[in-house]
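Take a look at the structure below.
Nothing in this text is a laboratory measurement; each read-out follows from the coordinates by a stated rule. Being a predicted model, the structure only gives us computed values, none of them experimental. A quick note on method: Cβ atoms are made from the backbone with ideal geometry, for glycine too, and the neighbour counts reach across all protein chains shown.
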Amino acid sequence: MKKKNFKILCTVCAIAFAAICYGGYCLYNIYYGESDRWKLQNNLTAVKYNNGDYVIVDSKGKTIGKRMDDLDFNNSCFAYVFKIGEKYGFVSAATGCPIFPAQFDYAQLDDGKFGLAAIVKDGLLGYANVRTGAIAIPPQFPTYPDADGWWNISSFDYDGYCVIRSETGKGVIDTVGNIICPLIYDYIDYLAGVPYRVICFGEYYALYDSAFNQLLPFEYKEITYTEFGFNVETENSSQLLSFSCKEILNYCVLDNQNSYYEDTQSFIEHLYEPAENENGAGKLSPYKKLRSAGKYGIFNNNYQNVIVQAKYKEIQYLGNGYFACVIDDEKAIILDKYGKEVHGNRK
């Protein structure tokens, strides 16, 4: 009887021990088990555990470095940002080894060709070189997050300049930290698709080239880029300027009581040679019709210049480099491809 009880007791103990072990294993997996993994460069893998921790492992499954509270591996070919506690650092995308330990209050990678990453320490902005492992620009520019907690830090542009902001305004630095534009401006940005920058100070805009040489002073309410030049607006007028900003291609006085934006924006229309027959389509000519302030002109696409200023009521392409330009309802002239008159006024 005693032996039987002893066997029962052993069985119960074994079951209990197995249950404890299994429960512990389940709890371990719930907390430390893998929830996901991602392939990285050079046969490295990012592993996320159920408790939210991240690690980087090599091709043999060996863990590289420490566990991390967060790991951002989606936006750089040079390095990854990681976070331990409230501090940020960088690990190499090539080896998974730390480049900078978790020491920064904030860090943001730059995908550009310079390998520079923004770092914030004690409220000061600087830049670290994640290629060399050196601090390229020591933290020195006061910065702060917005009301939602976003830092809104810009990356370096392809030409080696970066817009930075502080409580005094926005400015521009180069890749070694030289201040190109002081931190006093309200707005600094590229014009879309071209190497020109528009800078706003107060209510007025100025135009700068890619090296931050001023092309137009701070006296314009708006500056936009077109294929033919720059549309600039003052309080009561609009001009279409050449790319050199020295030639006025078109000028008009604005009626501030009416909507004039559609009229003053440039308009581009490709012109075609006359079709050889009724069913055919003409070849694309090297000319384009432009419109500014409700008037029309001609742009030579081959030489990238305006050959006829936007001052005619309508223009019709006749072919072979000749244009019928309507002055008013009763008068028109014929111009050649150089913009010279070849036929007198006609009714």
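A Förster radius of 30 Å, combined with the Cβ-Cβ distance separating Lys246 from Lys331, puts the computed FRET efficiency at roughly 0.45.
Once the gyration tensor of the Cα atoms in segment 284-323 is diagonalised, the equivalent ellipsoid follows with semi-axes of 16, 12, 7 Å, ordered largest first. Spacing of the modelled spin labels on Gln140 and Ala275, each 7 Å from Cα toward Cβ, amounts to 6.7 nm. Let me know the shape class of segment 41-95, please: from the alpha-carbon gyration tensor, a ≥ b ≥ c as square roots of the eigenvalues, rounded when a/c is under 1.5, otherwise prolate if a/b is greater than b/c, or oblate. In terms of gyration-tensor shape, oblate. Translational diffusion of segment 35-153 was estimated from the Stokes-Einstein equation, with Rh taken as the Kirkwood radius over Cα pairs; at 25 °C and 0.890 mPa s the coefficient is 168 µm²/s.
Across segment 184-228, the fraction of Cα-Cα pairs farther apart than 12 Å, rounded to a whole number, is 56%. Per-residue extension of 0.36 nm, minus the Cα-Cα distance of Asn305 and Asp189, leaves a gain of 39.2 nm for this segment.
Here the Karplus curve 6.51 cos²θ - 1.76 cosθ + 1.60, taken at θ = phi - 60°, turns the phi angles of segment 140-145 into couplings of 8, 9, x, 9, 7, x Hz, with x standing for Gly and Pro. Along the Cα→Cβ direction, 7 angstrom out, place labels at Leu124 and Gln316. What is the inter-label distance in nm? Placing both labels 7 Å beyond Cα along the Cβ direction yields 7.2 nm. Listed by Cβ neighbour count within 10 Å, with the fewest neighbours leading, Asp174, Asp146 appear as Asp146, Asp174.
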